Each structure stands twice: as structure tokens, then as C-alpha cells.
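Okay, structure first, notes after.
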Amino acid sequence: MTELINFTELTHADKMTVLAWRNDDRIRFNMYSTDIIEESSHLAFIESLRNATDRVYFLVRQDGEPLGCIYFTDIKEKNAVMGIYAAPDVKGAGKILMDVLLLYAFDCLRVDTVTSEVFADNERAHKLYVKYGFADISEKTVNGRRVKIMELKK
Ligand SMILES: CC(C)(COP(=O)(O)OP(=O)(O)OC[C@H]1O[C@@H](n2cnc3c(N)ncnc32)[C@H](O)[C@@H]1OP(=O)(O)O)[C@@H](O)C(=O)NCCC(=O)NCCS
């Protein structure tokens, strides 16, 4: 069974699990902000989500085991920007996370398109997105690194 738990409803232990993942080099270096995240700013970030309508973050559990996180930012009527990270030591989480992410985007948010932004050197994520039908639509540079902007239409 796959469960989505909104960050605003996480237990303290789950919040700490997510913080450890965010600070793991394998995840951190693929994010726009690569700084180590302090516990206080992690908790403040989660609190800030309570009143947010344009973004939503979930911990994904598979048969009780925390598998990773999916999220949407810049949610608009027809489009949302997606994000994803797998628990660093879990193998093959990507596909389960993508399945649930797209289900949420198209059935719950009811957007027409999902956008992803991925560093050009992040082959693993790029390959996963291509497998799910995302197409490269443009590029930009963030912190001196090339970023591919990809899109999937419903
Ligand atoms: C992106 C992420 C969720 C993908 O999850 P995953 O469990 O690694 O996904 P998969 O195991 O299905 O791998 C996806 C594909 O990349 C391939 N791959 C694995 N390691 C790779 C590597 N080092 N280089 C290139 N491709 C790689 C896999 O073989 C797989 O392809 P296949 O299905 O043809 O075998 C996960 O790698 C992650 O959390 N990365 C860190 C955070 C991140 O980069 N998030 C995305 C930011 S845009």
C-alpha cells in the first residue's frame, strides 16, 4: 500500500527522517539550494506550508516504509512544478514515487501539464522523467549549472 502524508501532518520522527534525506549529499547536490539545512529552518519551512495554497509536500510510504518525498511548487490552475527525492538507501523508489506523483498531479490537482527542472548532469532523474514521457522544452542556468526544463502533458 502506498500512502501520501502531507508534511504538515508528519510526526516529529518523520520530520527528522526527511531532514536527514534533505541533508544527504546525494539529494542536496541535486537541489537548487545545496546548503546544509538546520533543524530549526526545516521545521519553520514545514510550518510555512500550513497556509500555502501554491505548494504541497508529501512523504511517501510503501507498506509502512518511508520511500521518499514528492512535492509541487508554483501550483496554478493548469500547471504545477514537480519535485522528487528518494530515500538515499532505497533501491528502485523512483518509479513508485513517479506513479504516485503523476496520479496526484492529474487526478487531485487536476492540472494539464507538469513541469520538472533537472540539472543536466543528473542523468538518473532525467532518465526517469523521459521514461514517464517528459520532454525537454528549454534550458536555463542556475548557480552556474545547466538546468533542463521538462514538461509532461496529461
Ligand atoms: C531522482 C530519483 C528519485 C530517481 O529514483 P531512482 O530510484 O534512482 O530511480 P530508478 O532506480 O528508477 O532509476 C532511474 C533510471 O536511472 C538509471 N540510473 C541509475 N543510476 C544511474 C546513474 N548513476 N547514472 C545514470 N543513470 C542511472 C536507472 O538504471 C534507471 O534506468 P532503468 O530503469 O533504465 O534501469 C533518485 O535518484 C533521487 O532521489 N535522486 C536525488 C534527488 C534528485 O536528484 N531529485 C530530482 C531533482 S530534479
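Every number here is computed from the coordinates shown, using simple stated rules; none is lab data. Note that the structure is a prediction, hence the values are computed from the model and not measured. Every residue, glycine as well, gets a Cβ built from its backbone with ideal geometry; the counts of neighbours run over all protein chains shown.
You can think of it this way: the chain between VAL142 and LYS127 has 3.4 nm of extra reach, that is 0.36 nm per residue less the Cα-Cα gap.
By definition, a body whose alpha carbon gyration tensor gives a ≥ b ≥ c is oblate when a/c is 1.5 or more and a/b is not larger than b/c, and the stretch 89-154 fits this oblate description. Considering only ILE36, ILE75, ILE96, the Gaussian network model of the chain with Cα springs below 10 Å gives its largest mean-square fluctuation to ILE36. As a rough guide to protection, the peptides 57-70, 22-35 ranked by mean Cβ packing within 10 Å, highest first, stand as 57-70, 22-35. Within straight-line reach of LYS91, meaning a Cα separation under 24 Å, sit the following lysines at least 8 residues removed in sequence or on another chain: LYS15, LYS127, LYS131.
Label THR11 and GLU38 with points 7 Å out from Cα along Cα→Cβ: what is the distance between them in nm? Each label point is offset 7 Å from its Cα along the Cβ direction, giving 2.8 nm. Tell me whether the chain comes out rounded, prolate or oblate; compute the Cα gyration tensor, take square roots of the eigenvalues as a ≥ b ≥ c, and use a/c under 1.5 as the rounded threshold. Judged from the Cα gyration tensor, the chain comes out rounded (a/c under 1.5). Counting charges near ALA44 (Lys, Arg +1; Asp, Glu -1) among other residues having Cβ under 15 Å from its Cβ returns a value of 0. If you take the square roots of the eigenvalues of the alpha-carbon gyration tensor of the stretch 1-79 and sort them as a ≥ b ≥ c, do you get rounded (a/c under 1.5), prolate (a/b over b/c) or oblate? It comes out rounded by the Cα gyration axes.
Its relative contact order, with pairs defined as Cα atoms under 8 Å and 6+ residues apart, puts the chain at 18 percent.
One chain, two ends: GLU65 and MET31. Fully extended at 0.36 nm per residue, the span grows by 9.9 nm beyond their Cα-Cα distance.
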